[in-house]
Each structure stands twice: as structure tokens, then as C-alpha cells.
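Here is the structure we will look at.
Please treat every number below as a calculation from the coordinates, not as lab data. Fair warning: this is a prediction, and the values are worked out from it, not measured in the lab. Because the Cβ atoms are built from the backbone with ideal geometry, glycine has one as well, and the counts that use them run over all protein chains shown.
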Amino acid sequence: MKTMTPAELNNRIKKNEDVLILDVRAADKYNHYHINEEHIHSINIEKTHIFNENDVEAISGLPKEKEIIITCTTGNSARKCAEILAEKEFNVTLLEGGITAWKEYKDTK
């Protein structure tokens, strides 16, 4: 599975690359804080929808041709979601350490 560090994500943002982030945390956590930088397209689909094999509609709008960077609070749920989506032939990359690592990285900058 491909992974990306917060520093690597930040470098992409600095290069003005278009980035698609799939945040699989609960909606209230996502609404409280999510990665929201210029050139970031952030989507929130709760992990339970991805875990549920019968909930095809939840992921039907995700592009298969574009890289999707998946995150959650610490990376554990995102890893499982990335595995499921990779099996469905999505181009997924896991953000190492999740939102927690992202916040820590940004706080040091």
C-alpha cells in the first residue's frame, strides 16, 4: 500500500498540486477539523459506509483515475478503508499518522 507522510502532503500543497483527500472519520469530527488548504478537495465518507460492502452508493462518486489520499484520526481506520478501496481498483494512498500527525506537523511549521 502506498503511504504519504504529512511532510510529503505539505510539499504537494506547496507545489499547488490538486489533491483529493478522503477523510473517513465521523461527520462531527470532520466538521470540527479537516485538512483544508488551497488546491485540496476534501470529502468525508464515514468508515462504516466503506466497511459495508453493500453500501456501493457511498463510494460511487469517487474517481478511480485520480489518487485518493485517505485519512482518519490516527491512520488505523484509514488503512482498512484504503485496503477495501484498493480491492475495488481505486488509486489510494494512506496519510501516515492521520489527522493527528498532520496537526502535529503543521504545529511545528
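Of note:
- Label zone at SER42 (point 7 Å along Cα-to-Cβ), backbone N below 14 Å, the stretch 1-16: 10
- Förster radius 30 Å - calculated FRET efficiency between VAL56 and ASN16, Cβ distance, rounded to 0.05: 0.35
- Length-normalised contact order of the chain in % [C-alpha pairs under 8 Å, at least 6 apart]: 32 percent
- Estimated inter-spin distance, ASP28 and GLU67, nm [label 7 Å along Cα→Cβ]: 3.4 nm
- Furthest towards positive pole of dipole, ILE43, THR3, THR73, structure part the stretch 1-82, Cβ charges: THR3
- Computed from phi, the 3J(HN,Hα) profile of the stretch 6-13 under the Karplus parametrisation 6.51, -1.76, 1.60 (θ = phi - 60°) reads x, 5, 5, 5, 4, 5, 5, 4 Hz, with x in place of Gly and Pro.
- For a straight C-alpha distance cut-off of 19 angstrom, the aspartates and glutamates reachable from LYS2 (same-chain residues fewer than eight places away being disregarded) are GLU17, ASP18, ASP23, GLU65, GLU67, GLU83, GLU87, GLU89, GLU96.
- Candidates per GluC sites (Glu not before Pro) in the stretch 43-73, loop by DSSP, up to 11 other Cβ within 10 Å: GLU53, GLU65
- Annotation note: GluC sites (Glu not before Pro) in the stretch 72-109 located in DSSP loop regions with a Cβ neighbour count of at most 10 within 10 Å are GLU89.
- On a per residue basis, the convex hull of the C-alpha atoms belonging to the chain measures out at 91 Å³.
- Simple Cβ-charge dipole of the chain, Lys/Arg +1 and Asp/Glu -1, about Cα centre, in debye nearest 20: 320 debye
- Counted by neighbouring Cβ atoms within 10 Å, the residues TYR33, TYR105 run from fewest to most as TYR33, TYR105.
- Residues within the reach of a label modelled at GLU8 (point 7 angstrom out along Cα to beta-carbon, backbone nitrogen below 13 Å), restricted to the stretch 86-109, are 92-98.
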